[in-house]
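Engineer: One structure is given below, represented as structure tokens, and several questions about it will come after.
The values are calculated or read from the model by the stated rules, or taken from the named source; none is laboratory data. Just so we're clear, the structure is a prediction, and the values are computed from it rather than from any experiment. Ideal geometry is used to build each Cβ from the backbone, glycine not excepted, and the neighbour counts take in all protein chains shown. These area figures cover heavy atoms from the full protein model, side chains too; ligands, DNA and RNA do not enter into them. Shrake-Rupley method; radii C 1.70, N 1.55, O 1.52, S 1.80 Å.
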Amino acid sequence: MKVTAKTIDSDLATVFVAEMGAGRYVEFVESRQPPRPRLEKWVVILSVLFGCPVGCPMCDAGGHYRGRLTAEQIWFQLETLRNLFFPVAFLPVRLFKIQFARMGEPALNPAVLEVLEELPRRLNARNITPCVSTVAPRGSEPFFSELLAVKERHFQNGRFQLQFSVHDTDPLHRDYWIPAPKWDLTEIASYGTRFVRPGDRKITLNFALAEERQLDPGIIGRHFDPEIFLIKITPVNPTIRAKQNRLTSLTTDAGSILDLPACRSLQADGYEILPSIGELEENRIGSNCGQYVRAFQREDPSPPIPAYSYPVIRWTDEAEKYFS
Ligand code: SF4
């Protein structure tokens, strides 16, 4: 396992690429929210699969699936970032978010549960908040049962974030956005009701909106309790796959999201709406999962390819600077 490249230094986000053996690469990311220093809030985003078998039409991690990462390969990403930015025994970050959301659907890899179980002991940090973002693949019921148990053991009282990527309330259209067998909305609602206990965070239902039609307030209202679920609206990122599929964001402005008739209706019914637009530079650097890895899986990754949205440097050029 070794880091082979990273994007150039940035105040917002840095993407790292690591080779895990047998020519398999993953990406992982660290980011913060200026002006807040990393000590106050630090976010790391980890990969859990080599590619992804789900193949969502707006995600460059889809296709090219080459298996699951082991728990140690996931830990390698986390410990590389920790050693780089906080090489001390006790991690003093006030809010440390660890997102299993870069490359790969987490519910397809039981090693994610092993890592979650070990986090409090092995990381020696305060206020760890793991975030699992999933499309709820059918057949992953044992994963979700154990996820609830791990949350109860280690991450109660608002220290766990669970997100279901729903993308469309219409079942047929949802099959386009998530082209794999998955829980329907009733199953997601039922699990969420069991998952959230007093003091826990609400579960996020994420929609990448290309059309307002994707979000039907009537269907949301019939399935999801606003005391347990909140609605997050994200842009459709400008990935290679999104461009190939001619998908563009309905809006990239937080104000206009809240002003959409569907969002206004949901707010009137008591739902919290979270427009998640992020910093433009952060989007350029960090959002397009799989683009950097795609370049490194080519035989000669050195010439820049159009997929790159941000300059990349070879890790070997910089390693001495950081680790000497
Ligand atoms: S969005 Fe998630 S589930 Fe869909 S292809 Fe990408 S990594 Fe896989």
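Engineer: Out of 192, 139, I need the residue that is open to solvent by less than 10 Å² (accessible area, probe 1.4 Å) and within 28 Å of residue 53 (Cβ to Cβ). Which one?
Structural biologist: None of the others qualify; the one that does is 192.
Engineer: I'd like to know if the range 157-165 contains one or more residues that are open to solvent by 60 Å² or more (accessible area, probe 1.4 Å) and more than 16 Å from the ligand (Cβ to nearest atom).
Structural biologist: yes
Engineer: Still on this model: Do you know which residues across the range 33-56 are open to solvent by 10 Å² or more (accessible area, probe 1.4 Å) and either more than 30 Å from residue 11 (Cβ to Cβ) or within 16 Å of the ligand (Cβ to nearest atom) (or both)?
Structural biologist: Pass one, the range 33-56, residues open to solvent by 10 Å² or more (accessible area, probe 1.4 Å): 33-41, 43, 45, 52-56.
If the condition is that a residue be open to solvent by 10 Å² or more (accessible area, probe 1.4 Å) and either more than 30 Å from residue 11 (Cβ to Cβ) or within 16 Å of the ligand (Cβ to nearest atom) (or both), then 45, 52, 53, 54, 55, 56 are the ones that fit.
Engineer: I would also like to ask the following. Just one of (1) of a type outside the set (Phe, Trp, Tyr); (2) within 14 Å of the ligand (Cβ to nearest atom); (3) part of a helix (DSSP H, G or I) trips up residue 222, so point out which.
Structural biologist: Just one mismatch for residue 222, condition (2).
Engineer: Are there any pairs with C-beta distances below 6 angstrom linking a residue in the range 179-202 that is touching a residue at least 24 places away in the same chain (Cβ under 8 Å) and more than 13 Å from residue 227 (Cα to Cα) to a residue that is in a loop (DSSP other than H, G, I, E, B) and of a type in the set (Lys, Arg), with the two at least 6 apart or on different chains, and if so which?
Structural biologist: Every condition considered, the pairs that remain are 181/138; 182/138.
Engineer: Only residues that are assigned to a loop (DSSP other than H, G, I, E, B), more than 16 Å from residue 205 (Cβ to Cβ), of a type outside the set (Ser, Thr, Tyr) and touching a strand residue (DSSP E or B) at 6+ places or on another chain (Cβ under 9 Å): list them for the range 244-274, please. Steps first, please.
Structural biologist: As a first pass, look at the range 244-274 and keep what is assigned to a loop (DSSP other than H, G, I, E, B): 245-253, 260, 269-272.
Now narrow it down to the ones that are more than 16 Å from residue 205 (Cβ to Cβ): 245-253.
Pick out the ones that are also of a type outside the set (Ser, Thr, Tyr) and you get 245-247, 250, 253.
Matches in the range 244-274: 247, 250, 253.
Okay, residues lined up against (1) over 21 Å from the mean Cα position of the chain (by Cα); (2) open to solvent by 80 Å² or more (accessible area, probe 1.4 Å):
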residue: 239; (1), (2): no, no
residue: 244; (1), (2): yes, yes
residue: 251; (1), (2): no, no
residue: 254; (1), (2): no, no
residue: 260; (1), (2): yes, no
residue: 264; (1), (2): yes, yes
residue: 268; (1), (2): yes, yes
residue: 272; (1), (2): no, yes
residue: 276; (1), (2): no, no
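Engineer: On to the next question. Where the second residue is open to solvent by 10 Å² or more (accessible area, probe 1.4 Å) and the first is at positive phi and lies in the range 129-151, which pairs have Cβ atoms under 6 Å and are six or more apart or on separate chains?
Structural biologist: 136/182; 136/183
Engineer: For the range 84-119: of the residues being open to solvent by less than 50 Å² (accessible area, probe 1.4 Å) and over 27 Å from residue 51 (Cβ atoms), which is farthest from the ligand (Cβ to nearest atom)?
Structural biologist: Checked the range 84-119; the qualifying residue farthest from the ligand (Cβ to nearest atom) is 92.
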